[in-house]
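Beneath this line is the structure, given in structure tokens, with notes to follow.
The values are calculated or read from the model by the stated rules, or taken from the named source; none is laboratory data. Bear in mind the structure is a predicted one, so any value in this text is a computation, not a measurement. Reconstructed Cβ throughout: ideal geometry from the backbone, glycine too, with neighbour counts over all protein chains shown. All accessible areas refer to the heavy atoms of the entire protein, side chains included, with ligands and DNA or RNA removed. Shrake-Rupley method; radii C 1.70, N 1.55, O 1.52, S 1.80 Å.
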Amino acid sequence: VLRRFFVRDILNPNFVTISPEASINEILGLIFISHQEDFPVVENNRLVGFLPRGEIISVLHQRGKDVLAREIMHHDFPTVGPDNSLYEVYNKLELSGLRAVPVVGEGRLLGIVSMEDISRIYGLVMNR
């Protein structure tokens with residue numbers, strides 16, 4: 001089922017990015033406002049890192065709210081493109097242990113796709 005759908009089919013153009021200087025406290029505010037839980041870290045319009053929800057929660061409990069994104073962001077993380085199938089994305093997420101992945105195309109960040117996005121599509125198709 002997931003092989004028939006592509007990232008471009010579900011990509012939400014409304015997503016939030018953070019700067020490397022964003023604190024955990026600021027990021028928590030963004031989570032409540034945007035309902036997004038994983039964040040591409042962007043500096044000078046360039047994707048420089050990725051901050052997954054698990055890291056945010058872990059650091060909050062271990063080190064507090066004043067830690068900056070640049071201190072904890074992942075530098076090595078998978079990305080996908082708009083032409084990747086949801087099956088491919090699902091596999092990348094499973095292999096990486098992440099719940100979301102940045103979408104990059106045409107040399108720029110286009111958004112993020114999460115396991116929840118994929119599950120939603122799967123549920124809709126299977127319940128038809």
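Among the GluC sites (Glu not before Pro) in segment 1-97, those placed in a DSSP loop whose Cβ has at most 12 other Cβ atoms within 10 Å are GLU21.
Taking a point 7 Å from the Cα of ARG128 along the Cα-to-Cβ direction, the residues of segment 1-35 with backbone N closer than 15 Å to it are 1-6, 9-10.
Quick one: if the Förster radius is 35 Å, what FRET efficiency do SER96 and SER23 give, using the C-beta to C-beta distance and rounding to 0.05? Let's see the in-between values first.
Numbers: r = 25 Å, r/R0 = 0.72.
Once the sixth-power term is evaluated, E becomes 0.90.
When the P(r) of the chain is calculated, the portion above 19 Å amounts to 48% of the C-alpha pairs. Accessible surface computed residue by residue for the chain, with neighbouring protein chains in place and a 1.4 Å probe, gives 59 Å² per residue. The stretch between GLU71 and ASN44, if pulled fully straight at 0.36 nm per residue, gains 7.9 nm over its current Cα-Cα span.
Relative to the longest principal axis of the Cα atoms of the chain, the long axis of helix 115-126 makes an angle of roughly 20 degrees. Would you work out what percent of the accessible area of the chain, with all protein chains in place, is carbon or sulfur (probe 1.4 Å)? Exposed carbon and sulfur together represent 49 percent of the surface.
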